[in-house]
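Colleague: Supplied in structure tokens, the structure appears directly below.
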Amino acid sequence: MSTLGTAIDSLTAAMKCNILPNQEYLLQGSVLDQYVEVLLHRLRGLCDNVDSGPETFNDHELCYSLRINSANAPCILPLRVRRALDVTDAPFQLRYVGQPELGDKNRPTVVRSSIDMACSSTILEFLNELGCRLDFEYISRGYMFRKGRMKVTVSKIFKMNGMSNKPSEGVEAISQSYLVELSVQAPLGQDAIAEDMRIFAEQLRPLVQLEKIDYKRLGNMMS
Amino acid sequence: MGVTILAQFPVENKTGPQIIEVLSKRICALGATPQGQFLVDCETFTSVPALGHQRTVHVLHNSEQPATVFALLETGTKTIPLVTDGLFDLLIMKMISFYQSKKHTKTESKGPRFEIGDFSVKLGTVNITSNFKGILVEVEYKPCVVPAMCWDLIMEFMQGFLGSSGPTAPPAFLQNRMQEIYSPIDTIQQYLEHFTIFRKSTGPTMVMRPQQP
Amino acid sequence: MDRDIEQLNSALNSVKILRSNVRRVFESVSNGLRADHGEEIKENRYILELQELLTTVNNNLRDVENSVANLTPPPGAFNLGNTTYLSQETTQDRQQLYGQLVNSYKWTDKIREYSALAGNILASNSFNKTYKTFGTTKRRKTQTSNHNVPPEIIENLITSIDRLFSDVTITASRPFVPNPVIQVALGRVLRAVIAFKGLMIEWVVVKALSEGSDVWTESRYKVFRKVTENCHAAMCHFHSPLMPDLAVRSFMHWFHSYITLFSAPCKRCSKHLHSNLPPTWRDLRSLEPYHEECK
């Protein structure tokens, strides 16, 4: 009788075959509130879930980081938890997102490493006790579309009013626009999908310009 | 997923394979059919000193729930369970500068699995970094989800084939939650309880023989 | 035209056969090695079985290709009626029609389907079936004693049972109004799906709480299959055509005694287990637990 391999064995095997979706291809943009209906209408036409209409979501996202402030090399591990406020029995989602790589001009999208997993609701306490610090949190409400492997979200970001136990009360929109994200989770090196994303983004112009956003440059502009 | 009870079986001057064979014969004589193998493994990570007071994360897998990873965080005052999916192993690798694998603590319990009526029985050989430590017998009564309701029934079953070595009281971990709905993490907590005892002990009370085919 | 339809039918048929055989392949693959592959050369046997299935699929695929090749494409464009003008419309607020069109199409489709079902059921339960022929003296009795009772009466019965036991939760669904299907959760022990025909219990299935709630698949656990069997026996025992609501009540009383299914030892042998099953029988009068073999 054959013996069982450990879970780690199968994980390393999966890594070797490169089937773990550990990369995220991402394009971002925004659209003003008054034009969002037009964009939604356009997306309804372009995306797969036509007859059921767009899927709405109302999520609470908490951004944690695990850090050591040693003198020579500070170590930071960012972790995010997302939970659905409208579907109470859905699992929580834990996510690690790495530094975005912009690449050169020929690369159509931002690529960042990403590990995404479902988990039980104990994750918040788990992270707190693990030594993580809650950096910030927000509410994201909006619509989700899909087109093949691509995911399109159109969402509005709300500031929380400091009440973690009642996350949907007293929220305040942070801007007069919606955040538009086009993303795909895929194993390493599937760059063909990035090209598909570029073509799809092209079809949403000029309503919304989906681009590679360079956060470092944004940071410099602010200061 | 039904209520599961885990019990240690005394070694008494026998080798692991010998005991497994004796128990397998007994359970088959009662009408059980072999149903493959099972494996529960556990790896332990401790926080680096720079992260403040020491915390321990145990990461466990159970072949009964192959897509799930269980993590138990011990802070010294409490234990926080987390149920998540296979990619958590990848995340724990990313945490290498915060949590490091404790040397010589890789523990596993593996062996044959049997089905008999609505029961499933697993005879596990416990190894810590491939040193034989003891035998754990797991019995699951699948139709029932509340431990208090079926404890007597499971105890009768276990005494039926383990004889006087069968348990006479519910495992310590379950005693406070006999009325709760049982879930897979409860099995994991029982395994961790036993693994911790095995890690503290200095091996089975017997001469070491070459183990494990 | 007839020939076309015949060919289309045979093509659809071969597609159906192909799908069912492909399904069998996946089933076999997902089941993996089974006990009936024997002990010794089971891998080989399994591979042989898989090969056989795949060959059938191959043959079916060839059939599909042949029958599709025989089809003639319909000449000309389809007539879509007024909907063709939709494509001429460019203003956006008018185009919102699309979603509504899809919805209304679905609605009409569903109405057609349901009305066909309802038609069938009504036809087989026609009101003429009442016992008019019995003569005038017995007319009063017919009110309470058969399967053509107003839904309110059944409704009342179900709510009264629901109130009777605190640890029983009942959820009802009525696919076809006079014949409700109720799910009875007995504490955290088990769940029964009970189908009524009027005021009579037509069918009972007992399952674990975690299992699905359809009436047709039996439980995967031996203990619940045994309890289901015993429920059928009790259902027949309590059946009384003249006082159907009493029959249902007594059945529910008896059924409620399964709340101790896992915790009560057998009255005769005072053991919990006999051939790895708890006492699955409850005495019809005293409600005491017995093993199948001890009763």
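Colleague: Can you find a residue that is over 28 Å from residue B:85 (Cβ atoms), facing chain C (nearest Cβ under 10 Å) and either aromatic (Phe, Trp, Tyr) or under 17 Å from the mean Cα position of the chain (by Cα) (or both) anywhere in the range B:156-167?
Modeller: Among the residues of the range B:156-167, at least one is over 28 Å from residue B:85 (Cβ atoms), facing chain C (nearest Cβ under 10 Å) and either aromatic (Phe, Trp, Tyr) or under 17 Å from the mean Cα position of the chain (by Cα) (or both), which makes the answer yes.
Colleague: Need the failing condition index for residue C:283 against (1) under 25 Å from residue C:170 (Cβ atoms); (2) outside the structural domain of residue C:197 (by TED's automatic domain parsing); (3) not small (Gly, Ala, Ser), just the number.
Modeller: (2)
Colleague: Residues that are farther than 17 Å from residue A:4 by Cβ and more than 10 Å from chain A (Cβ to nearest Cβ), at least 2 per element: which strands (runs of 3 or more DSSP E) completely within the range B:10-86 meet that?
Modeller: It comes to B:33-47, B:56-62.
Colleague: Still on this structure, please answer the following. If you check residue C:217 against the conditions, is it among the β-branched types (Val, Ile, Thr) and modelled with pLDDT under 90?
Modeller: Yes.
Colleague: Which condition number does residue B:134 fail, the rest of (1) outside any helix (DSSP H, G or I); (2) within 14 Å of chain C (Cβ to nearest Cβ); (3) over 24 Å from residue C:258 (Cβ atoms) being met?
Modeller: Unmet for residue B:134, out of (1) outside any helix (DSSP H, G or I); (2) within 14 Å of chain C (Cβ to nearest Cβ); (3) over 24 Å from residue C:258 (Cβ atoms): (2).
Colleague: Report yes if some residue within the range C:239-249 is within 22 Å of residue C:171 (Cβ to Cβ) and without any contact (Cβ under 8 Å) to a residue 24 or more places away in the chain; otherwise report no.
Modeller: Scanning the range C:239-249 turns up no residue that is within 22 Å of residue C:171 (Cβ to Cβ) and without any contact (Cβ under 8 Å) to a residue 24 or more places away in the chain.
Colleague: Determine the pairs where a residue that is over 18 Å from residue B:45 (Cβ atoms) and within 14 Å of chain C (Cβ to nearest Cβ), located within the range B:181-204, has a partner that is surrounded by 14 or more Cβ atoms within 10 Å (Cβ to Cβ) and β-branched (Val, Ile, Thr) with Cβ atoms under 8 Å apart, the partner being 6 or more residues away or on another chain.
Modeller: Qualifying pairs under 8 Å: B:181/B:145; B:181/B:146; B:182/B:3; B:182/B:4; B:182/B:145; B:182/B:146; B:184/B:68; B:184/B:83.
Colleague: Between A:5, A:29, which is surrounded by 14 or more Cβ atoms within 10 Å (Cβ to Cβ) and touching a strand residue (DSSP E or B) at 6+ places or on another chain (Cβ under 9 Å)?
Modeller: Result: A:29 is the single residue among A:5, A:29 that is surrounded by 14 or more Cβ atoms within 10 Å (Cβ to Cβ) and touching a strand residue (DSSP E or B) at 6+ places or on another chain (Cβ under 9 Å).
Colleague: Please specify each residue of the range A:1-39 satisfying the condition of being part of a helix (DSSP H, G or I) and touching a residue at least 60 places away in the same chain (Cβ under 8 Å). So that I can check it myself, show each step before the final result.
Modeller: Pass one, the range A:1-39, residues part of a helix (DSSP H, G or I): A:7-16, A:33-39.
Answer for the range A:1-39, where residues must be part of a helix (DSSP H, G or I) and touching a residue at least 60 places away in the same chain (Cβ under 8 Å): A:33, A:35, A:36, A:38, A:39.
Colleague: Now a separate question. If residue C:287 satisfies every condition in (1) within 22 Å of the chain's Cα centre (by Cα); (2) surrounded by fewer than 19 Cβ atoms within 10 Å (Cβ to Cβ); (3) not in a strand (DSSP E or B) but one, which is the exception?
Modeller: (1)
Colleague: Is there a residue being within 14 Å of chain B (Cβ to nearest Cβ), under 21 Å from residue B:51 (Cα atoms), of a type in the set (S, T, N, Q) and touching a residue at least 24 places away in the same chain (Cβ under 8 Å) anywhere in the range A:47-65?
Modeller: Yes, some residue in the range A:47-65 is within 14 Å of chain B (Cβ to nearest Cβ), under 21 Å from residue B:51 (Cα atoms), of a type in the set (S, T, N, Q) and touching a residue at least 24 places away in the same chain (Cβ under 8 Å).
Colleague: Taking the condition of being of a type in the set (Ser, Thr, Tyr), part of a loop (DSSP other than H, G, I, E, B) and facing chain B (nearest Cβ under 10 Å), how many residues in the range A:67-120 meet it?
Modeller: Here the count works out to 2.
Colleague: Starting from residues that are within 23 Å of the chain's Cα centre (by Cα) and more than 14 Å from residue B:71 (Cβ to Cβ), keep the ones in the range B:87-105 and report whichever is nearest to the other protein chains (Cβ to nearest Cβ).
Modeller: Only one residue fits best here, namely B:100.
Colleague: What tally of residues in the range C:194-214 results from selecting those that are surrounded by 20 or more Cβ atoms within 10 Å (Cβ to Cβ), more than 18 Å from residue C:247 (Cβ to Cβ) and more than 14 Å from chain B (Cβ to nearest Cβ)?
Modeller: Residues in the range C:194-214 being surrounded by 20 or more Cβ atoms within 10 Å (Cβ to Cβ), more than 18 Å from residue C:247 (Cβ to Cβ) and more than 14 Å from chain B (Cβ to nearest Cβ): 1 in total.
Colleague: If you don't mind, there's one more thing I want to ask. Scan the range B:138-168 for residues that are surrounded by fewer than 20 Cβ atoms within 10 Å (Cβ to Cβ) and among the β-branched types (Val, Ile, Thr) and report the count.
Modeller: 1
The values are calculated or read from the model by the stated rules, or taken from the named source; none is laboratory data. Here the structure is a predicted model, which means the values were calculated and not measured. Note: ideal-geometry Cβ built from the backbone for every residue, glycine included; neighbour counts use all protein chains shown.
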